[in-house]
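Each remark here refers to the structure printed beneath this line.
The values are calculated or read from the model by the stated rules, or taken from the named source; none is laboratory data. These figures come from a predicted structure and were not determined experimentally. In this analysis, Cβ positions are derived from the backbone assuming ideal geometry, glycine residues included, and neighbour counts consider all displayed protein chains. When the accessible area is computed, the model is the full protein with side chains, heavy atoms only, and any ligands, DNA or RNA have been set aside. Shrake-Rupley method; radii C 1.70, N 1.55, O 1.52, S 1.80 Å.
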Amino acid sequence: MMFAACYGVWQLTMLASATRTVRMPLLVLGVVAGLYGAGMLALGLQMLYTRGMTALTGDPLPEIVRTASYTVDPLIEELAKVAPFALLALLHRKVRAQWGLTDFLLLGAAGGAGFGLVEQLLRHADEAASVTGGGPFEGWSRMQGFGFVQIWGLPDLITSWLPTPVSYIDAFSADAPSPEISLHLVWSALAGLGVGLLIRGSALQRLAGVALLLFPWLDHAAYNHEVADPDGAGVINAFATPLAFLRHALWLYPLLALAAATFLDRRTLLAGKRAWPDTLTAAERAGRPAVAALGGHAFAGLPWTPYFIWTYTLTRRAALFSHARVTPDDPMHRAVAQATTALDGTDAQAWRGTTVRRRDGATPPRGIKPWLPLIVWAALLVPAIVYFLPGSLPTFSGVQGLLAEPWVFPLVLVVSVAGLGWLGWQLYSTARRLRPLLAAPAADAAVRAELRLLTGFGSIAAGIGSLVLGLAAGGPDQPILTSHILDAISQTLFLASLLLAMLAMVWFPPLGMAALAGGGFQLVLTAAAADFLATLAGAGALAILAAMMSGNGSGGGRGDDYWEEKYGQDDPPPRQQRMSDANKAELEDSGWLKNKVQNPQTRRDFMKWLEKGHQQGEPHEHLSPGSPQAEAKLAEFLAETL
């Protein structure tokens, strides 16, 4: 089911490659934020509304729930699905400036896919035991009334457009069954574009944005009305028939929206290139098309350069989107201009010899102690992984029953409580690292951190709520709620809801895992290639590789000829000495550091980070501004914070 949710987002992402700035990992995190953040927000608001109306009017709760299903609740759900991304844009000027309309559309689609995923998981994750065959490739089905519930296999999903993982098939239908289009994904893609137009558009475009926010609500309400009260009257019923007719072209909605977003974003990017010609490569300024100019760089140093150039392309687009909203001395503009200048200084020779090697003197971690956080994290994940991966397949569905056994379930409860503690600690650690991320010129790193915070808070709320409601319900195989507009919630068992909350730990591994995996390796580069990548890392666009660029000894992750190539001399690396106050002031106030890190607060955080690792007066390398050792330490700092 997770594959189906992400696959539909991936399809739109590939079509949006000409103008988007967001990357697929961020969109996957958007799906997760839709699952835990938007899902919990909608659930809480719906419970507050239905229970509150019952208390105020005295009407039976089931009647309130039925009426709300096609009036208030569709509005709550459609707003909740785009709320995380709209809130990020409202809180951060960088997000408003650097995201294009295509980005808002894709993130809206991701939030909708995640919201649809939580409904499907809660409704069907524990139903595999009711069938006798099937698997991840062939799928499986079961009877339900006069139809079938069909869980689609991978081949069916891969050959479908924006597929939903579960379909309800009429047993008397003559049509060949195939995966349906994900309604939540399409509705939220339109709403996401609407949010983008409200934030970035002209007055007329803002009116279109309002319409794009209203249309998903009306269509959602009409769809629910057909299910809950098909013979009823009222305003929603008047819209139901024409909207049902238009829904036959549901597959076309996201394509039309994406075409409009791409057209408008393309105009903005062209205007940005005219306003900031220093962000264009020399070949582009000479009249060569951007695809050809950047394509030449992308194939200059296979297999490394395609990823580097694609990252540069997305980062440059983010800067160009902001050209009309910031001053020319904006840190993002300066960072991209410097990266462009550095890119012009590279050629095939500059990338020759690029490789990954073990750091001098680095040894793999020994013993169990360095791996203990990773082991604890994996152990806490075992019940959730077992329940939702093999346990959701008919062949291994007995695993779910095993976890509900009286002699196993208490252990699951203990692990879940420990998992909630782990999530709380990881949220605290992420929040502590947020300030330097917010100071980075690119918005991507801060957005990722804040979506992780939203995911973590949502999963903790889901876990605590499941424990409270589930323990009151009486057992792991009892529903946690008996009446809710999301009938998926009304069917959800205590065990399933609790372990779904714990599954969020997949996105909260121990912070030291990356260091264990790659801390003993470095990326060996020439001076020209290192300058280009260091500039991207300084903008917050290459955090993963920054750690591998931070070396030790003479190269700092570069070749042995770096010092001579960079500074025109063959001096040996600076000797080990004590860090004085004068040295620290020289480094913090240097033009080199100000050029690499435009934000003063980030420069201060870098100096505090150096002091933390090397207390004043302790022996360590003298960091001369612009030296390989200084650039290596800066790259290491950026890797840890970004």
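Name the chymotrypsin sites (Phe, Trp or Tyr not before Pro) in the range 382-463 that are in a loop by DSSP and that have at most 16 other C-beta atoms within 10 Å, would you? Sparse-neighbourhood loop chymotrypsin sites (Phe, Trp or Tyr not before Pro): Trp407. Under 5 Å between amide hydrogens, built in the peptide plane, is the criterion, and for Gly100 it picks out Thr21 among residues at least 5 positions away or on other chains.
Sorted largest first, the principal axis extents computed over the alpha-carbon atoms of the range 58-205 equal 54, 49, 28 Å. For the range 401-440, dividing the convex hull volume of the Cα atoms by the residue count gives 56 Å³ per residue.
Here the Karplus relation 6.51 cos²θ - 1.76 cosθ + 1.60, evaluated at θ = phi - 60°, turns the backbone of the range 440-455 into coupling constants of 5, x, 7, 7, 4, 5, 5, 4, 4, 5, 6, 5, 5, 4, 4, 4 Hz, with x for every Gly and Pro. Each distinct pair of alpha carbons in the range 239-369 adds a 1/r term; the inverse of their mean, the Kirkwood radius, is 18.3 Å. Across the range 1-132, Cα-Cα distances exceeding 18 Å account for 61% of all pairs. Dipole check for the range 98-231: with +1 at the C-beta of Lys and Arg, -1 at the C-beta of Asp and Glu, and the Cα centre as origin, the magnitude is about 560 Debye. Residues whose amide H comes within less than 5 Å of that of Gln144, counting only those at least five positions distant or on another chain, are Val149 (H built at 1.01 Å from N in the peptide plane). Residue by residue, the range 13-23 carries 3J(HN,Hα) couplings of 5, 5, 5, 9, 4, 6, 9, 6, 10, 6, 9 Hz when phi is fed to the Karplus relation 6.51 cos²θ - 1.76 cosθ + 1.60 (θ = phi - 60°); x denotes Gly or Pro.
Computed with a 1.4 Å probe over protein heavy atoms only, the accessible area of Met53 comes to about 60 Å². Projecting the Cα atoms of His297, Ile368, Val326 onto the dipole axis of the range 274-382, where Lys and Arg carry +1 and Asp and Glu carry -1 at the beta carbon, places Ile368 farthest toward the positive end.
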